[in-house]
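Shown next, in structure tokens, is the structure this report addresses.
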Amino acid sequence: MEAAVTNLLRYGSGYQYTGSIKNSKEYFENLTDARFNINGVTFGLRYEISDSIEYGLNFVGINKRFVEYDHESGISLRAGNFWEVISRGLTLNLFEDRTLYYDTGIDGVRLTYEKIFEYKNPLKIKAQLIGGNITFRDYLTPERVEEYKLRNAYLRVSPLKPLVFGLNYVHSNGILPEEGFLTYVNTDLPEGYVILNYPEFQIYANYAHKSSVISPNEIYPDPTTALGDGFYSSLSYTPGKLGLTMEYKNYAFDITLPDNRSNTRPSRMLPYQNPPTAQRENTSVLTSRNPHVVNFNDEVGGQIDLVYSVNDNLSFNLNGSIASTHYQYQDIDTSSVISYERVDRGDSWLPDMSNAFSPFWSIYLEGENYATDKIYAKLALSIQSNVIYNQINPSNSEIIKATTVPLEFRYSFTNKYSLTFINETQWVSNSINIGDKDFMNQFNSLTFSSSPKLNFTVSSEFSNNDDEPTGKSSWFTVDASYKLNESNTFGLSYGSERGGLKCTNGICRFVQPFEGFRLLISTLY
């Protein structure tokens with residue numbers, strides 16, 4: 001028998017801000033994941049103690065469990081809890097992110113057959129069936145629960161080495177709470193994709209169609225069928241020192257009128273879907289302060305990413321992203337009643353930068369240099385513009401423009417000891433600020449590392465934003481992590497955190513400002 005056990009303990013105590021209101025905040029979370037392999041059969045479970053949890057609802061007990069068997073013939077079977085992504089996630093992308101309290105894991109059965117048939121041109125086949133139930137708790141309102149009974153059939157075939165075809169079909173029966181009533185939604189999601197893969201370039205194209213039948217109830221008195229679709233494509237080209245990636249997205253899973261938009265409407269893109277964002281995922285502290293939240297129901301755009309390596313020590317990265325909604329709308333009722341009508345346009349497959357389309361664009365330029373064995377430096381420039389259009393009062397539309405200059409410098413005294421300095425300066429303009437609409441943010445951190453055991457960081461952030469919710473203008477944090485051995489790591493932080501939007505895979509939530517200390521202990525047995 002083989003066994004592996006991991007344990008993650010998180011504890012925090014201090015104060016959390018809701019606007020300028022300061023409330024005490026304490027959480028204790030302990031996750032124990034265990035896997036056992038007995039004669040080729042793998043058993044696993046997670047025991048969770050979240051009392052109280054940082055985000056979401058408290059829970060104590062066995063949260064996940066599964067059994068899995070892989071046979072040499074290419075057949076595998078898993079029963080219990082699992083996550084799954086088909087292709088790029090247009091129809092099925094089940095994942096968990098505890099930092100956002102987001103979990104679309106399924107409880108059911110997955111049967112997979114994967115085989116390579118050795119002919120003159122080897123034939124690769126993967127066939128998969130999934131059936132089970134998804135209990136999705138709204139990560140912003142955990143008391144709200146959506147239930148889905150899901151069935152999935154997937155086939156991937158590669159008849160030639162560079163060519164791959166894929167077909168996928170998802171059917172779900174959903175029960176959604178809305179305004180005190182239950183809404184029943186039956187959804188069908190077929191999709192197809194093709195991949196051409198050569199040594200220097202890859203082409204990928206994926207299309208999915210969504211059809212949701214909403215049963216009549218007190219909210220929807222008439223039977224309703226909501227149609228939508230999504231298209232994603234990418235091209236990668238890597239000749240020598242150059243790397244070029246182009247992505248295009250056209251997500252129209254639920255285009256609807258401005259006064260009918262809701263994050264919980266049953267016709268929307270469902271939680272078990274999660275396509276690519278097709279935009280740069282910002283990693284620095286300040287560039288991620290004002291992320292563009294992707295509207296998977298109604299967004300068209302894409303990005304171009306270019307990487308050029310001058311040599312082994314010097315490289316440059318240029319990225320451009322653009323996106324908007326498909327249409328603008330006008331009020332056709334001359335009375336006090338609002339009645340919107342879509343203004344159709346023939347080029348809706350292209351983004352429009354007019355404010356009525358809630359446009360977003362960004363430009364990112366980065367240079368990275370390993371000057372010597374001891375000196376490393378990275379300098380970047382990020383320019384972003386994001387519009388959230390106010391249909392009723394366009395002059396009150398939120399327009400955020402941010403220019404950020406991140407700098408990172410690392411000096412290695414020896415192979416073991418190093419010092420890293422990060423400075424980020426940001427100039428922001430927010431059209432709906434009550435105070436000064438132009439303000440500046442600055443972030444600094446200094447990290448001492450003793451590889452591979454110790455990291456000690458002191459960080460600070462400053463802002464002269466008059467509209468900062470907490471009324472504060474500075475935040476200071478001290479972080480330390482120590483790797484006791486290969487199995488045990490301890491982390492401790494103390495100070496104040498500014499908070500703000502945090503995004504993963506296009507899923508975003510607002511993290512409240514926090515002041516206090518946090519403890520993390522990670523153990524591997």
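Details
- Label-point separation in nm, Tyr370 to Ser336, each point 7 Å along Cα→Cβ: 7.0 nm
- 3J(HN,Hα) from dihedral phi, the stretch 232-244, Karplus parametrisation 6.51/-1.76/1.60, rounded to Hz, x for glycine, proline: 9, 9, 8, 9, 10, 9, 10, x, x, 8, 9, x, 10
- What the Cβ-Cβ distance of Lys22 and Ile175 gives, at R0 = 51 Å and to the nearest 0.05, is a FRET efficiency of 0.85.
- Each residue of the stretch 39-55 was assigned a 3J(HN,Hα) from its phi angle through the Karplus expression (A = 6.51, B = -1.76, C = 1.60, θ = phi - 60°), giving 6, x, 9, 9, 10, x, 7, 10, 9, 10, 10, 10, 8, 9, 7, 5, 10 Hz with x at Gly and Pro.
- Amide H within-cut-off set for Thr183, under 5 Å, with H built and near neighbours excluded: Leu176, Glu178
- Neighbour cut-off at most 13 other Cβ (10 Å), DSSP loop, chymotrypsin sites (Phe, Trp or Tyr not before Pro), the stretch 69-98: Trp83
- Shown is the FRET efficiency for Val405 and Leu9, computed with R0 = 35 Å from the Cβ-Cβ distance and rounded to the nearest 0.05: 0.40.
- Net length gained if the chain between Lys120 and Tyr329 were fully extended (0.36 nm per residue, minus Cα distance): 69.5 nm
- The overall shape of the stretch 1-105 is oblate: from the C-alpha gyration tensor, with semi-axes ordered a ≥ b ≥ c, the ratio a/c is 1.5 or greater and a/b is no larger than b/c.
- Shown here for the stretch 142-247: GluC sites (Glu not before Pro) in loop regions (DSSP other than H, G, I, E, B) with at most 15 other Cβ atoms within 10 Å, namely Glu143, Glu179, Glu200, Glu218.
- Heavy atoms of His171: accessible area, 1.4 Å probe, square angstrom to 10: 50 Å²
- In terms of its C-alpha gyration tensor, the chain comes out rounded, because the ratio a/c of the largest to the smallest axis stays below 1.5.
- Label-to-label distance for Asp312 and Asp107 is 5.4 nm, based on points extended 7 Å past Cα in the beta-carbon direction.
- Potential extension, Ser487-Phe456 segment - 0.36 nm per residue separation minus Cα distance: 9.2 nm
- Heavy-atom accessible area with a 1.4 Å probe sorts Cys508, Cys503, largest first, into Cys503, Cys508.
- Estimated vicinal HN-Hα couplings, Hz - the stretch 370-378 in sequence order (Karplus 6.51, -1.76, 1.60; Gly, Pro = x): 8, 4, 9, 5, 9, 10, 10, 9, 9
- Checking every one of the chymotrypsin sites (Phe, Trp or Tyr not before Pro) in the stretch 367-468 against DSSP loop status and a limit of 15 other Cβ atoms within 10 Å picks out Phe413.
- Amide H to amide H, with H built 1.01 Å from N, Val511 comes under 5 Å of Gly500, Leu501, Lys502, counting only residues 5 or more places away or on other chains.
- Distance between modelled label sites at Thr245 and Ile49, nm, 7 Å Cα→Cβ extension: 4.1 nm
- Potential lengthening between Ile219 and Asn260 on full extension [0.36 nm per residue; Cα-Cα distance subtracted]: 13.5 nm
The values are calculated or read from the model by the stated rules, or taken from the named source; none is laboratory data. This is a predicted model, so every value here is computed, not measured. Note: ideal-geometry Cβ built from the backbone for every residue, glycine included; neighbour counts use all protein chains shown. To get the accessible areas, we keep the full protein, side chains included, count just its heavy atoms, and leave off ligands, DNA and RNA. Shrake-Rupley method; radii C 1.70, N 1.55, O 1.52, S 1.80 Å.
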